[in-house]
1. Within segment A:39-53, take every residue that is surrounded by 11 or more Cβ atoms within 10 Å (Cβ to Cβ) and more than 22 Å from A:LEU95 (Cα to Cα) and give me the one that is nearest to the other protein chains (Cβ to nearest Cβ).
2. Residue check: is B:GLY9 within 11 Å of chain A (Cβ to nearest Cβ) and out of contact with any helix residue (DSSP H, G or I) (no Cβ under 8 Å at 6 or more places or on another chain)?
3. For A:GLY204, state whether it is of a type outside the set (A, V, I, L, M), buried (at least 22 other Cβ atoms within 10 Å of the Cβ), in a helix (DSSP H, G or I) and within 12 Å of another protein chain (Cβ to nearest Cβ).
4. Given the criterion in contact with a Ser or Thr (Cβ under 9 Å, 6 or more places away or on another chain) and of a type in the set (Phe, Trp, Tyr), identify the matching residue among A:PHE14, A:PHE38, A:PHE19.
5. As an exercise: evaluate B:VAL18 against (1) within 12 Å of chain A (Cβ to nearest Cβ); (2) modelled with pLDDT under 90; (3) surrounded by 12 or more Cβ atoms within 10 Å (Cβ to Cβ) and give the number of the one condition it does not meet.
6. May I ask you to list the residues in segment A:158-180 that are open to solvent by 30 Å² or more (accessible area, probe 1.4 Å) and away from chain B (no Cβ under 13 Å)?
7. Scan segment B:46-64 and tell me whether some residue there is within 23 Å of A:ASN161 (Cβ to Cβ) and small (Gly, Ala, Ser).
8. Can you tell me which of A:TYR146, A:TYR218 is open to solvent by 30 Å² or more (accessible area, probe 1.4 Å) and within 24 Å of A:LEU60 (Cα to Cα)?
Amino acid sequence: MNDVAAGVAAQEVFRLGIFPITDTIIMTWIVMAILGLFAYFATRRLADVPAGSQNYAELLIEVIGGLLKDMMGPQGRVYLPLIATLCLFVILSNLLGIIPTLKSPTNDLNTDLGLGFMVFLVCQGSSISARGLGGYLKSFFDPVWYVPIFFVLNVAGMLGNLISHSFRLFGNMVGGAIIMAIIFQFAPVMVPSVLSLYYDIFSGLIQGFIFFMLAIAYIMNSRG
Amino acid sequence: MFGIDADTGVILIKIASVVGAGFCMGVGAIGPALGEGYVGGKAMESLARQPESEGTIIRSMLLADAVAESTGIYSLVVAIILLFANPFVG
């Protein structure tokens, strides 16, 4: 049982001063490098009639932008860079686990909490910018200010969003990874390839989709 | 306590953790299963009524499934902690 946990959980590789560098951080750097190189080569020679990788970049941005516009309307255009980056980063991280020696960075709760906290901060910022500082503070006391239990409920709901958003991605990815690791132990050939279609590819794509759709929904909610 | 030495105590805690993890996952999966089945059934109904709005229905269904799934994910996290990172065994 312990070697299953060791294969899924983050392992410390080396230390940078006081900061431990785990293998999931190195996997995050790999994902960042892939996305950065793709963005560089896709936009190096921009043309009106796209050629090569510019086609793929435009397709991705159009699909994600279409989803964003369907949910938030034209005001959602501001959030396109954030949402598209979240979508590409999470989906690519989830799919990285297919390659046997590599690990998904999303198997580490620290990555998921970081992403969830980023969405949480953006929600607070867009709430302030949409309602003003007074409206933002007043939103903690909705629907009526003189019943103090509503303040507790509002704060708990806000923190609950953050926790459920990041734990959903973590739980789904780590659960799939543990089941795959156990199957690899008792049936190392043939069987894992079939199950990998579900646990790695399908579940990874669906969870990435759900993660950025929920981010859009939370931001939309916070704008009131 | 109760005349049990330390080794027996640790073994008892391990047994209780494994049984607890099994119960946690089994009972915790009932609610999300009911909820997701209900959402899926309703989505099928509205899909049969309005086949032209398939994209919107499937998207909303996935979002509602994800929200209904949270409690199941919480029990999964608790079960994983009990099995792999048990805080009661030093």
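1. A:PRO50
2. Answer is no for this residue.
3. Against the criterion (of a type outside the set (A, V, I, L, M), buried (at least 22 other Cβ atoms within 10 Å of the Cβ), in a helix (DSSP H, G or I) and within 12 Å of another protein chain (Cβ to nearest Cβ)), A:GLY204 does not qualify.
4. After applying the criteria, what remains is A:PHE38.
5. Every listed condition holds for B:VAL18 apart from (2).
6. Within segment A:158-180, A:MET158, A:LEU159 meet the criteria.
7. Yes, that holds for at least one residue.
8. A:TYR218
The values are calculated or read from the model by the stated rules, or taken from the named source; none is laboratory data. From a predicted model like this one, the values you see are computed outputs, not experimental measurements. Cβ: placed from backbone, ideal geometry, glycine included. Neighbour counts: every protein chain shown. The protein model used for the area step is the full one, side chains on, heavy atoms only, and it has no ligands, DNA or RNA in it. Shrake-Rupley method; radii C 1.70, N 1.55, O 1.52, S 1.80 Å.
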